[in-house]
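Structure, as structure tokens:
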Amino acid sequence: MAAFIGVMVTLASTASAQASKPAAKGKSDSPAFQELAAKAQAAREAGNSDEALRSYVKALELKPAWAEGWWFTGTLLYEADKYEPARDAFRHLLSTEPKMATGWGMLGLCEFQTKQYDEALAHLQRANALGLGGHDEIRDVINYHRALLFTRSSDFEQAMGLIALAVIRGTDNPKLVEAMGLAALRKPVLPSELPPTERELVMDVGRALCDGSARRIRDATAEFELILKKYPDIPQLHYLYGLILVTSDPEQAVDQFKAELAISPRHTEALLSIAREYDKMADFATALPFAKKAVEVNPNFAPGHALLGKLLVDGGSDVAGGIGEIQTAIKMNPDNPQNHYLLAMAYGKAGRSAEAARERATFIKLRGDSPATPQASVERK
């Protein structure tokens, strides 16, 4: 990732300049400060990092609120692998520039290196929330580390989604492949903690899923066929192969999900995936037992409650019970617009028009300007 960091620092320097005008030009600054600031800039631009850092530190002693100085101090320290003082520099920066997304991103990257993983994830999330538009390389580095931290905290779906998004955007390298493999195989460890004996499988699975994310389905299929020949009984592999096949060959995907259940009978996502495919075919009676089992296995699985509720409503077997299941899903995840859409449809079927209108309004509010159709999104969920 070193190349990424180099580009990130260059681009983020632009963000720093936009966030804070160079203090060396300020009318109220002392001549001593202006001289040090100019010396620091000249040394940095000449590639003399040590001299630049010394000058920035001396200038900041004269003007502790100099945001640009803290930015370049932090980036120079980071590039020198001095992560603790770099972290402290970015904390100073953010005390004066709290809306600077790249600053939060660099703070999170420093904390990742100092093994303050909870703080790192929180601050990388904040950088993402503030917006990194126009800084694609920075975004990719931050998303890579977010994915690693999501995997470490067992939030595997979020991690896989971030890596898949990077692959779709055209970023593809061994570190992303490794990160995808770790998340897909549900190994809550960082790459440095992976036992060498497991690396081959992680890389094989990560490569196949990255190919699948990039819609190289033929390559991904061939890779998974080889993986399953080598490791026919390892949990999770048949489920992952089913994910690759679900768009191009749903019938074979269901076979793979069922093969996963033969190895892992309580695999929640495999159960739900089978139920979802039968739901798409309007075969509600066949889908229902799989959805019920998914909820039984994992009562805290919001997508399971949502799909079970949909099946009960659409199949007509228990509309009131279906409404209850969807309401449970909403309690678990109130910001998911599709669950409000499902509840609106369920209320409509029950003749509860006022409540249906309320849920439709909530759906529209949460949905925003997304171009996808409601039904297509429900099916993907």
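The values are calculated or read from the model by the stated rules, or taken from the named source; none is laboratory data. Everything quoted here is computed from the prediction, not taken from an experiment. Cβ placement follows ideal geometry from the backbone for every residue including glycine, while neighbour counts extend to all protein chains displayed.
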Whichever residue in region 180-215 is over 17 Å from Gly242 (Cβ atoms) and basic (Lys, Arg) and, among such residues, is surrounded by the fewest Cβ atoms within 10 Å (Cβ to Cβ): Arg199
Test: residue in region 104-113 that is crowded, with 17+ Cβ neighbours inside 10 Å, under 30 Å from Ser248 (Cβ atoms), within 16 Å of the chain's Cα centre (by Cα) and in contact (Cβ under 8 Å) with a residue 60 or more places away in the chain: no
Residue match in region 157-168 (condition: within 30 Å of Asp118 (Cβ to Cβ), surrounded by fewer than 19 Cβ atoms within 10 Å (Cβ to Cβ), in contact with a helix residue (DSSP H, G or I) (Cβ under 6 Å, 6 or more places away or on another chain) and modelled with pLDDT of 95 or more): yes
Residue list for region 183-203, restricted to those being of a type outside the set (Val, Ile, Thr) and either touching a residue at least 24 places away in the same chain (Cβ under 8 Å) or outside any helix (DSSP H, G or I) (or both): Ala183, Ala184, Leu185, Arg186, Lys187, Pro188, Leu190, Pro191, Leu194, Pro195, Leu201, Met203
Flag for Ser49 being surrounded by fewer than 17 Cβ atoms within 10 Å (Cβ to Cβ) and among the polar types (S, T, N, Q): yes
Ser273 vs. criteria farther than 18 Å from Glu359 by Cβ, modelled with pLDDT of 95 or more and in contact with a helix residue (DSSP H, G or I) (Cβ under 6 Å, 6 or more places away or on another chain): yes
Residue in region 130-152 that is out of contact with any helix residue (DSSP H, G or I) (no Cβ under 9 Å at 6 or more places or on another chain) and either free of Cβ contacts under 8 Å to residues at least 24 places away in the same chain or crowded, with 16+ Cβ neighbours inside 10 Å (or both) present: no
Residue match in region 160-176 (condition: over 15 Å from the mean Cα position of the chain (by Cα) and not in a loop (DSSP other than H, G, I, E, B)): yes
Unique match (being at positive phi and modelled with pLDDT of 95 or more) among Ser154, Ser192: Ser154
